[in-house]
Each structure stands twice: as structure tokens, then as C-alpha cells.
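Below: one structure, written as C-alpha cells.
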Amino acid sequence: MKQLSGKRVLLGVCGSIAAYKSAELVRDLRDAGAEVRVVMTEAATEFITPLTLQALSGHPVRTGLVDTAAEAAMGHIELARWPDAVLVAPASADFIARLAQGRADDLLAALCLATRAPVALAPAMNAGMWENAATRANIDKLTRQGVAFFGPVSGALACGEQGPGRMIDNRTIIDKLAALFPSAALQGVAVLVSAGPTREAIDPVRYLSNRSSGKMGFAVAAAAVEAGAQVTLISGPVALPTPERVKRVDVISAAQMYRAVMEHAPAHQIFVAAAAVADFVPQAFAQQKLKKEKFSAEDGFVLRLKQSPDILAELAGREQRPFLVGFAAETESVEQNGCAKLQRKKLDMIAINDVSEGRGFDRDENELLVLWPGGRARLELAGKGRLARELMGLIADRYREHYEKNTT
Ligand SMILES: Cc1cc2nc3c(=O)[nH]c(=O)nc-3n(C[C@H](O)[C@H](O)[C@H](O)COP(=O)(O)O)c2cc1C
């Protein structure tokens, strides 16, 4: 299912240089499954023609409020009732001010006032306008009223300045818009997610670790929340903010990860093991820093490693076990190795990550091959947020099947 399948989006366009991006945005929204109707302010029509947006959206574009012919086709209140969300991108400083005042003297402002659908604004403006106290006050007021703000970000601005005021990219707008729609796929289900690397101390200053950034696991936790689940996230050492409405437990080593998962797993119905937990850890921890001089150049330094406990295998062996989703990072024979892990560890599902040639780790984009007993799905290259949502969709479907099978 696409991110915005069946959703009706009313796209408002204001008078900004960034209005040219709205053409692509209409396309991207439709590609994401949305039906799109466009309303432009009078100023916006000076930057991009209604004809372009009409051709791309497949619907007449509305501009004026008092328009006899347009009102006869679809009255402005009817139009305000039509969408599942109103997205204004770009939103100008003046439009934000009008909205903050509750004005209704142009069509777009009147629609935002009349609609009961969520309203989201993607501002674009000069950095001075964005930082101005009047704009800040308008944004504070609208945020308190429940209006969502997507961006802006800092970067090169059309006026030649650098700074905050640049409209965020379409992909992020669509991800944020999709997040406004609650899904009930995992309502009432408790999901445990592990994320990030572990660190295995060699001595007080050195450790063994791996290249996992935690981004995928954090995105999975956020997607589970969006799907209506109660989520606990056990995270190795990463520099990532906790997703909203997620309970976070921080750990450092594989042993701590093991203890935390074992403690929390019984209260969760699904466990998504996205952490890259060390398979091997130092056999001994040196209490004092190992001195270079103690080792000869010839013999070098031999570090003995022992296997760490296998968290997934241990959970899989329990009588009362959560629905288990593993991750496999493979550099060769990707599908074969992932499939073997699915069977060996008796998992319910595995998401296989091809990390050969630097792929997968610490990237914002990824692709996954997902296998489960009797099925498979390939999730094409996409941002980790979108990928996590698609993965959560698959997990929810399989979990429901599994649950229904075991309760009937
Ligand atoms: C070339 C040009 C570019 C502009 N770009 C922006 C902009 O990026 N953001 C903004 O808030 N206003 C911008 N403005 C000012 C708005 O177009 C102006 O405030 C207008 O009244 C906004 O109308 P609207 O909010 O009804 O679309 C620009 C003006 C010009 C002439």
C-alpha cells in the first residue's frame, strides 16, 4: 500500500519563489497515492501558472474566493470539507500571518479556517522574515492551535542569503504528512525494538563496536507508533533523538542489551531486533589501560574473543515468545544467508540488508529483502522512514495472520 493511498490532499500554494516546487510536489503526492486539489493565492499565480498545476493534479485549480462559476461547481465550504489534510507548500510569511489572525478574505485562508481536517504548513521565506519576532509569534500561536509546521531548513535561499527559510524537500513533506494520519494496524499491540550498535570494552578507554547508526531501528520504532502500537526502544550508543511517544531504554554492551531485551520481551507481542549486537566480545576486560610498551612489535597484541549470548535464539526457544523479526546484515550470498538465519533461529520474519560495498550502514536510504516462512517481499531503495513504514505494514499483516492462526 502506498503512503498516502486514498487520502485527499488540498494543496495550497502561496506567492514565493519556491512555488515552482509545487508542480513536482503535486506529482509526488499523487505518486504516493493521494488525490490532490490545488488552491493558489493570487500572488502564487504570478510565480507559476494555474494551468501547470491543473494539468498535474487533474482537477481545476481554484484561486479566487468570490468566483461565481467555481462556487457553482464546488462551493468553498464544500471544498473545505473535501480533504483529509490541507497542506500549504510553500506557505508565505504573509499567509502565516493571515492564518494567525483567523482571516478569511482569500480562498486559501478561508478554507484553512473552515476545514476540520489537519492543516500543515511548509514555510519558505527569507531568513530575516522567518526569524522576525512577528513571524515567530504567529507560528507559536498557530502551533498551539494545532497547525503542523514542516520545516523550513537552513540552506541557500532564493534571495541570495544563507540561513533558515528554505522549504523542506518533497520526500520529507510527504513523510510528515503521512505521519498525520493515525493508522490502527497495531492498535493495542506492544512492540519492542532494539537499535544501534553495542560497545564491548577492551580496557577503560578502548572498545570494539560496529558501523550501525541506529537509524533503521529508530525509524522502525517511529513507524510502530504511527501504526498505533505502544513502543519500547532498547538502544545501543547512538546520537539520535528519541521518536515521539516511544519509551527508550539505553544500553551500551551486548550483555546489557541481552538483559534489557529479556526483561522487556515478556510484556511485548512483537520484537523487532534491528540492533547490531556484537557476536563476539572480549574474553577479559583489562582493569587498567593496556600499555603499548607491554607488547612487542613482532608478537603484536592478541585479543581473545568469546561468543556473546544469542538474544533471538534464546527468545525463539521460549514457550511464550513474541512474534520475532530479525535483521540480517549480509555482504555476500545475501538471500541464501538471510534465509538460513530465518530457519536456524526460528524467526517469524527477517529483513535482510545488503551491506556490501558500504551500503546500508549510516545512510539515510536503504533497501530490504523481507522473508517469512512461505513468503517474501522486496522493499525498494527509499528513505529509512518510508522503508520502516512499509516494513511495519508487512509485520502487522503477518502478525495478524499469526495471531489469528494461534487463537482460532
Ligand atoms: C520575487 C519575490 C519572491 C518572494 N518570495 C517570498 C517567499 O519566498 N516567502 C514569502 O513569505 N514571501 C515572498 N515574497 C512576498 C510575497 O509574495 C508577498 O508577501 C505576497 O503578498 C504573499 O501573498 P500570499 O501569501 O497571498 O501568497 C516574494 C515576493 C517576490 C516579489
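The values are calculated or read from the model by the stated rules, or taken from the named source; none is laboratory data. It should be emphasised that the depicted structure is a prediction, and the values quoted were computed from it without experimental measurement. Please note: Cβ atoms are built from the backbone with ideal geometry, for glycine as well, and neighbour counts cover all protein chains shown.
Just for segment 151-172: of the residues that are modelled with pLDDT of 85 or more and hydrophobic (A, V, I, L, M, F, W, C), which one is farthest from residue 24 (Cα to Cα)?
Step by step, filter segment 151-172, then rank; the result is 153.
Inspect segment 220-232 for any residue being closer than 19 Å to residue 254 by Cβ and either under 16 Å from the mean Cα position of the chain (by Cα) or not small (Gly, Ala, Ser) (or both) and give the result as yes or no. Lay out the reasoning, then the answer.
Within segment 220-232, the subset closer than 19 Å to residue 254 by Cβ is 232.
Keeping just the survivors that are either under 16 Å from the mean Cα position of the chain (by Cα) or not small (Gly, Ala, Ser) (or both) gives 232.
The answer is yes, given that some residue of segment 220-232 is closer than 19 Å to residue 254 by Cβ and either under 16 Å from the mean Cα position of the chain (by Cα) or not small (Gly, Ala, Ser) (or both).
Just the residues that are outside any helix (DSSP H, G or I) and either farther than 19 Å from residue 168 by Cα or free of Cβ contacts under 8 Å to residues at least 24 places away in the same chain (or both), please, taken from segment 128-152.
132, 145, 146
If I ask for residues that are of a type outside the set (Gly, Ala, Ser), within 16 Å of the ligand (Cβ to nearest atom) and outside any loop (DSSP other than H, G, I, E, B), which ones from segment 1-17 would you list?
Taking segment 1-17 and keeping what is of a type outside the set (Gly, Ala, Ser), we get 1-4, 7-11, 13-14, 17.
Okay, now just the ones that are also within 16 Å of the ligand (Cβ to nearest atom), so 10-11, 13-14, 17.
Result: 10, 11, 13, 17.
Can you tell me which condition residue 54 does not meet? The list is (1) over 30 Å from residue 377 (Cβ atoms); (2) modelled with pLDDT of 95 or more; (3) within 16 Å of the ligand (Cβ to nearest atom), and all the others hold.
The number of the failed condition is (3).
Yes or no, residue by residue, for (1) in contact with a Gly (Cβ under 8 Å, 6 or more places away or on another chain); (2) over 16 Å from residue 310 (Cα atoms); (3) outside the structural domain of residue 322 (by TED's automatic domain parsing); (4) in contact (Cβ under 8 Å) with a residue 24 or more places away in the chain:
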position: 243; (1), (2), (3), (4): no, yes, no, yes
position: 259; (1), (2), (3), (4): no, no, no, no
position: 269; (1), (2), (3), (4): no, yes, no, yes
position: 290; (1), (2), (3), (4): no, yes, yes, yes
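Here is a list of conditions, (1) within 13 Å of the ligand (Cβ to nearest atom); (2) in the same structural domain as residue 250 (by TED's automatic domain parsing), and residue 194 meets all of them except one; can you say which number that is?
Result: residue 194 fails condition (1) only.
Quick check on residue 140: is it touching a helix residue (DSSP H, G or I) at 6+ places or on another chain (Cβ under 7 Å), more than 16 Å from the ligand (Cβ to nearest atom) and not assigned by TED's automatic domain parsing to the domain that holds residue 366?
Criteria not met by residue 140.
Whether any residue in segment 194-209 is at pLDDT 95 or above and on the phi > 0 side of the Ramachandran plot is what I want to check.
There is at least one residue in segment 194-209 that is at pLDDT 95 or above and on the phi > 0 side of the Ramachandran plot.
Look through 267, 273 and report the one residue that is among the small types (Gly, Ala, Ser), at pLDDT 95 or above and touching a helix residue (DSSP H, G or I) at 6+ places or on another chain (Cβ under 7 Å). I'd like the intermediate steps shown before the answer.
Details: 267 fails: touching a helix residue (DSSP H, G or I) at 6+ places or on another chain (Cβ under 7 Å).
None of the other options fit; the residue is 273.
Can you pull out every residue in segment 180-214 that is of a type outside the set (Val, Ile, Thr), surrounded by 20 or more Cβ atoms within 10 Å (Cβ to Cβ) and not in a loop (DSSP other than H, G, I, E, B)?
192, 194, 195, 197, 200
How many residues are closer than 14 Å to residue 265 by Cα, under 26 Å from the mean Cα position of the chain (by Cα) and assigned to a loop (DSSP other than H, G, I, E, B) when one looks only at segment 310-339?
1
On the basis of being within 15 Å of the ligand (Cβ to nearest atom), more than 30 Å from the chain's Cα centre (by Cα) and basic (Lys, Arg), does residue 62 make the cut?
Yes: the conditions hold for residue 62.
Identify all residues within segment 366-408 that are of a type in the set (Gly, Ala, Ser) and in contact (Cβ under 8 Å) with a residue 40 or more places away in the chain; write none if there are none.
Within segment 366-408, 383, 385, 388, 393, 396 meet the criteria.
A quick yes/no check of all residues on (1) charged (D, E, K, R); (2) over 21 Å from residue 393 (Cα atoms); (3) buried (at least 20 other Cβ atoms within 10 Å of the Cβ); (4) touching a strand residue (DSSP E or B) at 6+ places or on another chain (Cβ under 9 Å):
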| position | (1), (2), (3), (4) |
| --- | --- |
| 305 | no, yes, no, yes |
| 319 | yes, yes, no, no |
| 337 | no, yes, no, yes |
| 368 | no, no, yes, yes |
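Do we have residue 355 as in contact with a Ser or Thr (Cβ under 7 Å, 6 or more places away or on another chain), in the same structural domain as residue 231 (by TED's automatic domain parsing) and surrounded by 18 or more Cβ atoms within 10 Å (Cβ to Cβ) here?
The answer is yes for residue 355.
Would you pick out the residues in segment 100-127 that are farther than 22 Å from residue 65 by Cβ and within 11 Å of the ligand (Cβ to nearest atom)?
Hits for segment 100-127 are 123, 124, 125, 126, 127.
Within 13 Å of the ligand (Cβ to nearest atom) and crowded, with 17+ Cβ neighbours inside 10 Å - does that describe any residue in segment 67-85? Working first, answer last.
At the first step, the residues of segment 67-85 found to be within 13 Å of the ligand (Cβ to nearest atom) are none.
No, the conditions are met nowhere in segment 67-85.
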